[in-house]
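Below is one structure, written out as structure tokens; comments come after it.
The values are calculated or read from the model by the stated rules, or taken from the named source; none is laboratory data. In this text the structure is predicted, and so the values were computed from the model without any measurement. Reconstructed Cβ throughout: ideal geometry from the backbone, glycine too, with neighbour counts over all protein chains shown. Just so you know, the surface numbers come from the protein's heavy atoms only, side chains and all, with ligands and any DNA or RNA stripped out. Shrake-Rupley method; radii C 1.70, N 1.55, O 1.52, S 1.80 Å.
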Amino acid sequence: MIEHSIPATQAVVTLDVALPGIVWGWIITMNMWAKSIGTGVLFVGFYLLKKYHSDEKIQAIKMPLVMISIIFIHIFLLFTVLDLHQMFRFWHIFFYPHWTSAITVGAWIVTILVGVLFIMAGAKYFNRDSIYDSFFPLAVILAIPVTLYTAGIMAESTARELWQMPTEMVQMTLSATLVGSATLLLIGNNSFSDEAKRDLAIVMGLSAFVAFLLYMGEYIFGSMKAEEVGAVLQAVKEGGAYSSMFWVGQTLAYLVPAFLVFLSVTNKSYGTMPLASVSALAGLWLVKHVWLIIPQLLPMS
Amino acid sequence: MKLGFLVDLNLCMGCKGCEVACKVENEVPISSWRLRVKYVDVGVFPDTKRTFTPLRCNHCEDAPCERICPVSALHYLDNGIVNIDKDRCIGCAGCIMACPYGAIYMDPETNTADKCTYCAHRVSSGLMPSCVVACPVEANIFGDTEDVTSGISQYIMSHNIKVRKPEKGTFPKHYYVGGGEINLNPLASVRKEGHQLFNNITHLKFIGGHH
Ligand code: SF4
Ligand code: SF4
């Protein structure tokens, strides 16, 4: 039970419509997860390519990087459209845009980003690196609102108090840097220098650590500020499926990678980074899923 | 003109006449409601009472559903009604996530969002919303809240009124007389498994097999 009735009244709801159930389910989790990878590789990849501009092995990731971004942004778009109850009306967003909606703003910017990514892929394919390089900063700039607009949608979801701005904005950014660095650690595992791996590991470890702190802050202090947040967090605190999923997610996404990164950086040995990366990628899905679902368990009427 | 609604809960007897009238007028599909009367039982036997609270869209002045709708399917009419254009809706369910009152449902027959429109189609031809007409005790009062001589304005001036979740900053245009914590705050009453009068609600499957 997540309600807080007044004992003296013994108030029991004896007739109300059933809750609509989970309206945004695993399809939206897929959407957020894939988007984090698609934009995260751009953020972290940009840093890597700039810092190691004369390292051939790092420069060799230009094509894989843009392809990974294109693939995951398209997975994100596919699941976005799949979740629409009227998916063949998706074009309405372009012909009847309503600019107060974060959904609209995000859809437009991600469309431009996809165009830029295709230009970069084409430039690389025809060995026109100068075009690739000149479009990369634009892609990174566009990837920022693409990463953040889901936080905007959550902020506009007035009914779900758990999703607060600017916390969600920071969480979305950290999700992107976490899985962006994890993905690049996986693709560069056999070729990157230890120095590059160390950089990526530090980005991943710090992202994991700070994201974990934010979730714990909400877990411990959230209910002290808002009745609804407290009621929602009961779903995690009382045990049950979402409680297990929450803690497994936190462990895989944040604790395991942060711990392995700490060990790797102190020992200067990066053999466990593939494991840490897979853990971060799998864990983030669970973390996002629980956070998406639990506010939807709250009765609104 | 800013149309508003007021329910005098001291008069409401929970007959659900308004709910049925709404279903018929708006062809609301099975398992969906634009307006429903919530029952909350209070007290310990034999000292118990049942409270009745009709719940519908509040036609908020600062409506989160209108703000989040990416295609303006949810939009304001000049008279303050928050209306919905089902042909425009893409079914993203953003509005369902945004409305703090659970007033919006996904229509399983059209796969689009829907909700109470204060019977905008009837209002535009000078008729009262069908729930107002159906109420046998005239507990539903509907009218222009900007006209101080209207019935609803007079009622507001002479009674103590409340709105649902004022802390959300939505400025509901739906008022209650006789409302309290128990019936207006969903967290102030318990929902016990199997303790509802209707336990087995049949849900229609969405057309096209959408989850
Ligand atoms: S009650 Fe809900 S559906 Fe109605 S106007 Fe307010 S936010 Fe929109
Ligand atoms: S479901 Fe329809 S009405 Fe609701 S926000 Fe999406 S497009 Fe607008």
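Summary of computed values
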read-out: Whether the stretch A:235-283 is rounded, prolate or oblate, judged on the alpha carbon gyration tensor where a/c under 1.5 counts as rounded; value: prolate
read-out: Dipole in debye (nearest 20) - the stretch A:24-297, about Cα centre, beta carbon charges: Lys, Arg +1; Asp, Glu -1; value: 460 debye
read-out: Segments A:141-149, B:11-19 sorted - mean Cβ within 10 Å per residue, highest first; value: A:141-149, B:11-19
read-out: Distant-in-sequence amide H partners of B:Phe5 (H built 1.01 Å from N, under 5 Å); value: B:His174, B:Tyr175
read-out: In the B-A interface, the accessible area buried, summed over both sides, Å² (probe 1.4 Å); value: 5200 Å²
read-out: Probe 1.4 Å - accessible area at A:Glu227, Å² to nearest ten; value: 100 Å²
read-out: Cα centroid separation - the stretch B:96-167 against the stretch B:1-57, whole Å; value: 12 Å
read-out: For the protein assembly as shown, share of DSSP beta bridges that run antiparallel, in % to the nearest 5; value: 85 percent
read-out: HN-Hα J in Hz across the stretch A:167-181 - Karplus 6.51, -1.76, 1.60, θ = phi - 60°, x for Gly and Pro; value: 4, 5, 4, 5, 4, 5, 5, 5, 4, 5, 5, 4, 7, x, 5
read-out: Accessible carbon and sulfur surface of the stretch B:3-188 relative to its total accessible area, %, 1.4 Å; value: 55 percent
read-out: Electrostatic dipole magnitude of the stretch B:3-188 [Cβ: Lys, Arg +1; Asp, Glu -1; Cα centre; debye, to 20]; value: 420 debye
read-out: Sum of side-chain charges, B:Val20 neighbourhood, beta-carbon under 13 Å (Lys, Arg +1; Asp, Glu -1); value: +1
read-out: Dimensionless Rg/Rh of chain B - Kirkwood Rh, Rg from C-alpha atoms; value: 0.95
read-out: Residue of B:Thr149, B:Thr110, B:Thr51 that the Gaussian network model of chain B assigns the largest fluctuation, springs spanning Cα pairs under 10 Å; value: B:Thr149
read-out: Shielding of A:98-105 by partner chains, average beta-carbon count, 10 Å; value: 6
read-out: Using θ = phi - 60° and Karplus 6.51 cos²θ - 1.76 cosθ + 1.60, couplings along the stretch B:126-135 (whole Hz; Gly, Pro as x); value: x, 9, 7, x, 5, 5, 5, 5, 6, 5
read-out: ³J(HN,Hα) computed for each position of the stretch A:55-67 - Karplus, 6.51 cos²θ - 1.76 cosθ + 1.60, integer Hz, glycine/proline x; value: 8, 4, 5, 6, 5, 5, 8, 3, 6, x, 4, 5, 5
read-out: Amide H partners (placed H, <5 Å) of A:Thr14, local residues excluded; value: B:Tyr39, B:Val40, B:Asp41
read-out: Under the Debye formula (equal points on every Cα, no solvent term), log10 I(q)/I(0) of the stretch A:143-301 at q = 0.16 Å⁻¹; value: -0.87
read-out: Heavy-atom surface of the stretch B:57-210, accessible at 1.4 Å and reported per residue (Å²); value: 42 Å²
read-out: Cut-off under 5 Å, modelled amide H: who pairs with B:Asn79 long-range; value: none
read-out: Accessible-area ranking of A:Glu168, A:Glu156, A:Glu238, largest first, probe 1.4 Å; value: A:Glu238, A:Glu156, A:Glu168
read-out: Rounded, prolate or oblate (a/c below 1.5 giving rounded, otherwise prolate when a/b exceeds b/c) for the stretch A:96-219 by Cα gyration tensor; value: oblate
read-out: Unit charges at the beta carbon, dipole of the stretch A:24-297: most positive-side option, A:Ala211, A:Thr111, A:Ile187; value: A:Ile187
read-out: Value at 222 nm in deg cm²/dmol, rounded to 500, when DSSP H runs of n ≥ 4 in chain B each add -39,500 (n - 2.57); value: -4500 deg cm²/dmol
read-out: Semi-axis lengths, Å, the stretch B:1-87, gyration tensor of Cα atoms, sqrt of 5 times eigenvalues; value: 30, 16, 13
read-out: Three-way shape call for chain A based on the alpha-carbon gyration tensor, with the a/c threshold at 1.5; value: oblate
read-out: Sequence-separation-based contact order of chain A, relative, with Cα cut under 8 Å and 6+ spacing, percent; value: 23 percent
read-out: Residue order for B:Asp8, A:Asp55 - accessible surface, 1.4 angstrom probe, largest first; value: A:Asp55, B:Asp8
read-out: Total charge dipole magnitude, the stretch A:149-301, about the Cα centre, Cβ charges on Lys, Arg, Asp, Glu only, Debye to nearest 20; value: 320 debye
read-out: Dmax and Rg, reported as Rg then Dmax, of the protein assembly as shown (C-alpha, Å); value: 25.9, 85
read-out: Relative packing of A:102-111, B:37-46, B:129-138, which averages over residues the other C-beta atoms within 10 Å, highest first; value: A:102-111, B:129-138, B:37-46
read-out: Dipole of chain B [Lys/Arg +1, Asp/Glu -1 at C-beta], most positive-end residue of B:Ser153, B:Ala188, B:Asn83; value: B:Ala188
read-out: Number of partner chain Cβ atoms within 10 Å, mean per residue of A:79-87; value: 6
read-out: Residue (of A:Leu48, A:Val12, A:Ile71) at the positive-pole extreme of the stretch A:2-132, dipole from beta-carbon charges; value: A:Leu48
read-out: Point-to-point label distance, A:Ile27-A:Ile141, nm (Cα→Cβ direction, 7 Å offset); value: 3.4 nm
read-out: Residue-averaged beta-carbon neighbours from other chains (10 angstrom radius) around A:147-159; value: 4
